[in-house]
Amino acid sequence: MLDFWIAYHGYFLAFVIGYFLGSIPFGLIITKLAGKGDVRNIGSGNIGATNVLRTGSKKLAAATLLADVAKGAVAVLITLYFANSMNFDMFFVYLTGFFALLGHMYPIWLKFKGGKAVATFLGILIAGAFWGAIGFAVIWLATAYVTRYSSLAAFLGCIAASVLLFIMGNDWYIVISIMTVIIIAKHHQNISRLLKGNESKIGDKG
């Protein structure tokens, strides 16, 4: 009976846990509660921490970053518990992380117009592939420090995590690589602005 439930309902559970946790728009919620209005009306219109920073509040940006990281990590940790205690296949866990990423990018609550999911990606790495998170953090911090381009730091960090996990033979590298491709595709406008030299830098206000 348990095998039947796992086979026919496990992946749906992965979708529910991953997507709906990932779709919580913390950046929008936090800025509205703080009286900063709708963060989608400033800067890039993104609901992530980088755009929240353009409200002028580092505290709100930090809170958004932590919340977006946490939802990715929690989604993976919940399904890791099921995998360990109820013999769920690890693919179930990978799928949950993938849906958490999509939830942030395409939240049903915001008519499927979400963020770039970089912080959520980091949370997924922290919970599921910690060395990938280390690789991401090192490259993100170095790139952001040198260039002050959050977008460039983000997708280079994602690439670094994917490559590191591949080199280490970590089973997460396949799904992380797929997520990396999606994140880079989501940054297509940023890439265009980077090539033109008019991409916003960290700390720029809307």
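Couple of notes before you dig in:
- Residue tally, condition of a type in the set (Phe, Trp, Tyr) and either in contact (Cβ under 8 Å) with a residue 12 or more places away in the chain or under 10 Å from residue 14 (Cα atoms) (or both), over the stretch 71-88: 2
- Residue, surrounded by the most Cβ atoms within 10 Å (Cβ to Cβ), within the stretch 42-97, restricted to residues that are at pLDDT 85 or above and among the hydroxyl-bearing types (Ser, Thr, Tyr): 96
- Looking across the stretch 51-67, just one residue is in contact (Cβ under 8 Å) with a residue 60 or more places away in the chain and among the basic types (Lys, Arg), and that is 54.
- Residue 127 falls short of the stated requirement of being surrounded by fewer than 18 Cβ atoms within 10 Å (Cβ to Cβ) and either free of Cβ contacts under 8 Å to residues at least 40 places away in the same chain or assigned to a helix (DSSP H, G or I) (or both).
- Considering the stretch 176-206, and only residues there that are assigned to a helix (DSSP H, G or I) and of a type in the set (Gly, Ala, Ser), the residue that is surrounded by the most Cβ atoms within 10 Å (Cβ to Cβ) turns out to be 177.
- The helices (runs of 4 or more DSSP H) located wholly in the stretch 1-98 that include 3 or more residues which are under 19 Å from residue 175 (Cα atoms) occupy 2-22, 58-85.
- Count of the stretch 144-163 residues, restricted to those that are closer than 18 Å to residue 46 by Cβ and part of a helix (DSSP H, G or I), is 9.
- Enumeration of residues in the stretch 156-175 that are surrounded by fewer than 21 Cβ atoms within 10 Å (Cβ to Cβ) and more than 22 Å from residue 146 (Cα to Cα): 166, 167, 168, 169, 170, 171, 173, 174
- Residue in the stretch 29-38 that is touching a residue at least 24 places away in the same chain (Cβ under 8 Å) and closer than 17 Å to residue 121 by Cβ present: no
- Residue check: residue 77 meets all listed conditions (1) within 21 Å of residue 114 (Cβ to Cβ); (2) in contact with a helix residue (DSSP H, G or I) (Cβ under 8 Å, 6 or more places away or on another chain) but one, namely (1).
- The stretch 89-109 residues that are touching a residue at least 60 places away in the same chain (Cβ under 8 Å) and under 14 Å from residue 68 (Cα atoms), paired with ones that are polar (S, T, N, Q) and assigned to a helix (DSSP H, G or I) (beta carbon under 7 Å, 6 or more apart): 100/120; 101/120; 104/120
The values are calculated or read from the model by the stated rules, or taken from the named source; none is laboratory data. Note that the structure is predicted; figures quoted are calculated from it, not measured. Ideal geometry is used to build each Cβ from the backbone, glycine not excepted, and the neighbour counts take in all protein chains shown.
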